[in-house]
Amino acid sequence: MITLTVNGKRREVDAPEEMPLLWALRDELDLKGTKFGCGVAQCGACTVHVDGEAARACVTPIGSLDGAKITTIEGIGDTREGQALQTAWLELDVMQCGYCQAGQIMTAAALLAKTPKPDDAAIDEAMEGNLCRCATYKRIRAAIKSASGQPVDDLRSA
């Protein structure tokens, strides 16, 4: 039995230690917001926070996490950074298909927790491992800047 704190609640998972965190969240804990993308930590769709750090849930074995604090897209709105990002995402119409956006927001929240006012270079560096097939990268950058209180242009026509 593996004990985790997921989105502020103590949870126990009875699963093989090698099970990826992604499947424990989706199949054992019924948290469907974290997405499966590539399965090899290359696209970022499955990004969650493990003890405050962005991590790829598709390659993180549940057995390595006993006692860890996990935050998923379902819980990120309870943080200052997450709430600001979710608001900015909606105000700037960032999403197109939306599939990668949970992972994008989770990575962005980890960035803002460490760097409250990131410049474009810091945003690009932090977000480079999160792929968006709809290519909403300019809107994502604008939303991160908006969430950090920096002025942005309206890119909805971009």
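The values are calculated or read from the model by the stated rules, or taken from the named source; none is laboratory data. Note that the structure is a prediction, hence the values are computed from the model and not measured. Neighbour counts are summed over all protein chains in view; Cβ atoms, including those assigned to glycine, are modelled from backbone coordinates with ideal geometry. For accessibility, only protein heavy atoms count, side chains too; no ligands or nucleic acids. Shrake-Rupley method; radii C 1.70, N 1.55, O 1.52, S 1.80 Å.
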Open item on the list: When you check Ser146 against the structure, is it small (Gly, Ala, Ser), at pLDDT below 95 and more than 16 Å from Gly44 (Cβ to Cβ), yes or no?
Closed with: no
Open item on the list: Restricting to the range 128-148, and then to whatever is free of Cβ contacts under 8 Å to residues at least 40 places away in the same chain and not hydroxyl-bearing (Ser, Thr, Tyr), can you tell me which residue is most open to solvent (accessible area, probe 1.4 Å)?
Closed with: Arg133
Open item on the list: Please go through (1) open to solvent by less than 80 Å² (accessible area, probe 1.4 Å); (2) outside any strand (DSSP E or B) for Ala55 and return the number of the only condition it doesn't satisfy.
Closed with: (2)
TODO: Would you mind stating whether Gln83 is open to solvent by 50 Å² or more (accessible area, probe 1.4 Å) and assigned to a helix (DSSP H, G or I)?
DONE: yes
TODO: Can you tell me which residue among Lys69, Lys35 is over 27 Å from Cys97 (Cβ atoms) and at pLDDT 95 or above?
DONE: Lys69
Open item on the list: Among the residues of the range 4-21, what is the count of those that are open to solvent by less than 30 Å² (accessible area, probe 1.4 Å) and β-branched (Val, Ile, Thr)?
Closed with: 2
Task: Lone qualifier among Asp120, Asp93, Asp78, Asp124 - being closer than 18 Å to Gln42 by Cβ, open to solvent by 40 Å² or more (accessible area, probe 1.4 Å) and not aromatic (Phe, Trp, Tyr) - done: Asp124
- [ ] Specify which of the listed residues (Ala45, Ala109, Ala24) is touching a strand residue (DSSP E or B) at 6+ places or on another chain (Cβ under 6 Å), touching a residue at least 24 places away in the same chain (Cβ under 8 Å) and open to solvent by less than 20 Å² (accessible area, probe 1.4 Å).
- [x] Ala24
TODO: Answer with yes or no whether Glu18 is touching a residue at least 40 places away in the same chain (Cβ under 8 Å) and not in a loop (DSSP other than H, G, I, E, B).
DONE: no
